[in-house]
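The values are calculated or read from the model by the stated rules, or taken from the named source; none is laboratory data. Every value quoted in this text rests on a predicted model; they were computed, and no experiment measured them. Cβ atoms come from the backbone with ideal geometry, glycine included; neighbour counts cover every protein chain shown. Keep in mind that these areas ignore ligands, DNA and RNA; they rest on the heavy atoms of the full protein, side chains included. Shrake-Rupley method; radii C 1.70, N 1.55, O 1.52, S 1.80 Å.
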Amino acid sequence: MNLSSKIEGQLPAELVKFMRVAGEVAHSQGESLYLVGGVVRDLLLGQTNLDLDLVVEGNAINLAQQLIPVTQGKITTHPRFNTAKLQWNKWSVDLATARSETYVKPGALPSVKPSSIDSDLFRRDFTINAMAIHLNPSRYGELIDRYGGKDDLEHKLIRVLHEKSFTDDATRILRGLRYEQRLDFQLEPATLQLLKRDIPMLDTISGDRIRHELELILREKYPEKVLRRGEELNVLQRLHPGLKGNRWLAEKFEQARQLYSPTLPPLGLYLTLLAYPLTNEENELLISRLRLPKTLAQTLRDAISIKAKLQPLANPELNPSNIYHLLHGYSSLAITTNSLAGDSPVARQRLQLFVDKLRYIKPALTGDDLKRMGIPPGPRIKEILHLLHEAKLDGKVASKQNEEDLVRGWLADNMTT
Ligand code: ATP
Ligand code: MG
């Protein structure tokens, strides 16, 4: 099967030209060059994908260096894996040296050695991701499909290449669910059995790698579908027993998208919603399992601490300064999480009021203004600024003049008492 017309039809002319030239350069030095992975899958599916992954039977860094004049862009190299990235204009192309992998220990990174395209494809996660397209001039556009990827695409199946696949690298469990739900495919029955068998192998995967896969899930158009499937298969529970991919979550994710539309909600918001049902203790477990970076970890902690404030926040007697004091200091993403996830409509309204308005309100007078008004430097200044802040939050002063009058009033009172 030849895919050159699909390439021409679906990829931008600039990338097509680049691939042709790259194929010629590789050929001229006796190497073979291939387009591989997701982009081949998406070409066959007729879906847009501009992430080009190239594999050369030869030396990727060497080839990338020769292609610099063609792109006139930037090159980044990783000598340890013999891979390179070329970036120019809005394009980015990865070049790797064809390699085979051996897994010495489940879950650990494999040891790799240069090899043929066939072994390079064999180390991949699923048959639909294990196809290549030849780019050398004499074979340009030829599909290389050793493992039945095209058949599986046609039958909408996610299939591993061998029985030890999930044991070698259990992140593939998460990847499998992601492709299944994104493409509306099914895990092929034997693959599903292997997946279920190997769920405990998720314990062998480092926090960083699990977090990375979770991020990829949360970048999907409908992450909740992947999470729901993850719960159904007990995959989610293996990452953390308290995680749920239920209808509640789906609803909240949808509301998060509406809130941020037309852009996408930040991943942190999805993550805090996912963690929302957890207790403080359970949340700490999640933070350490995923090795979350400090700020994100704090956002999760904040989101869960605010849950305890929802009841006081629903009190009808509260004025704006009370609301301010209940919420200031928390990350705004954590507050937004609660405004989506909290049960009480009144509390939710107040959280929104804080995010939209209260957190920006500051008195017009500064410490310097107060000194100019004759207040001596010292703790009194801070105290007055605090009182002014409250007055402003509660709408008791509207202008700088109002604030000055109020301060003068306080000073006069003080002198008489
Ligand atoms: P996506 O559309 O999600 O980006 P992709 O297929 O491009 O899909 P990448 O994560 O960019 O996925 O990886 C590129 C290719 O590398 C995949 O198509 C797959 O062949 C291979 N790959 C990635 N991760 C793994 C893994 N954990 N095990 C085996 N092969 C992998
Ligand atoms: Mg990709």
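Applying both filters, DSSP loop and at most 16 other Cβ atoms within 10 Å, to the trypsin sites (Lys or Arg not before Pro) of the range 66-99 gives Arg80, Lys90.
Relative to the longest principal axis of the Cα atoms of the chain, the long axis of helix 60-71 lies at roughly 70 degrees. Shown here for the range 209-252: trypsin sites (Lys or Arg not before Pro) in loop regions (DSSP other than H, G, I, E, B) with at most 10 other Cβ atoms within 10 Å, namely Lys221.
Of all lysines in the structure, the ones whose alpha carbon falls short of 22 Å from that of Lys362, not counting any fewer than 8 places away in one chain, are Lys371, Lys382, Lys392, Lys396, Lys400.
Measuring r between the beta carbons of Glu282 and Gln186 and using R0 = 30 Å, the FRET efficiency lands at 0.40. For the range 358-417, the direction-averaged projected area of the alpha-carbon convex hull comes to 4.1 nm². In plain terms, the C-alpha convex hull of the range 305-402 casts an average shadow of 6.9 nm² when viewed from every direction.
Between Leu353 and Lys400, the contour length at 0.36 nm per residue exceeds the alpha carbon distance by 14.6 nm. With a simple spin-label model that places each label point 7 Å from the Cα along the Cα-to-Cβ direction, the separation between Ser305 and Arg197 comes to 4.8 nm.
In this structure, Gln258 and Asn315 have a Cβ-Cβ separation that, at R0 = 22 Å, corresponds to a calculated FRET efficiency of about 0.20. With the convex hull drawn around the C-alpha atoms of the range 225-299, the volume per residue stands at 88 Å³.
In this label model, Glu14 and Val346 are separated by 5.7 nm, measuring between points 7 Å along each Cα→Cβ vector. D for the range 1-85, whole µm²/s, Stokes-Einstein with Kirkwood Rh over alpha-carbon pairs at 20 °C and 1.002 mPa s: what number? Rounded, D is 158 µm²/s. Highest mobility in the GNM of the chain, judged by mean-square fluctuation with C-alpha springs under 10 Å and restricted to Pro223, Pro262, Pro320, is found for Pro262.
Solvent-accessible area per residue in the range 86-133 equals 42 Å², computed with a 1.4 angstrom probe and all protein chains kept. Hey, what angle do you get for helix 294-307 against the long axis of the chain, alpha-carbon based, 0 to 90 degrees rounded to 10? Helix 294-307 and the main axis of the chain meet at about 50 degrees. Annotation for Ala108 and Glu220: the two label points, set 7 Å from Cα along the Cα-Cβ direction, are 3.1 nm apart.
Compared with the direct C-alpha span, the chain from His325 to Asn2 gains 109.6 nm at full extension, assuming 0.36 nm per residue.
Exactly which trypsin sites (Lys or Arg not before Pro) in the range 289-357 are in a DSSP loop and have at most 13 other Cβ atoms within 10 Å? Passing both the DSSP loop test and the Cβ count: Arg291, Lys357. A full extension of the chain between Val25 and Leu45 corresponds to an added length of 4.3 nm, given 0.36 nm per residue minus the alpha carbon distance. Evaluated at q = 0.08, 0.12 Å⁻¹, the base-10 log of the normalised Debye intensity for the chain, with identical point scatterers placed on the Cα atoms, takes the values -0.61, -1.01. A helix-only calculation puts the chain at -16000 deg cm²/dmol for mean residue ellipticity at 222 nm, using -39500 (n - 2.57) for each DSSP H run of at least four residues, averaged over all residues. For a straight C-alpha distance cut-off of 23 angstrom, the lysines reachable from Lys113 (same-chain residues fewer than eight places away being disregarded) are Lys85, Lys105, Lys164. Give the carbon-plus-sulfur fraction of the accessible surface of the chain in %, rounded to a whole number; probe 1.4 Å, heavy atoms of protein chains only. Answer for the chain: carbon and sulfur cover 52 percent of the accessible area. Here r is the Cβ-Cβ distance between Asp151 and Leu267 and R0 is 45 Å; the resulting FRET efficiency, rounded to 0.05, is 0.80. Summarised in one figure, the compactness ratio Rg/Rh of the range 128-191, Cα atoms and Kirkwood Rh, is 1.04.
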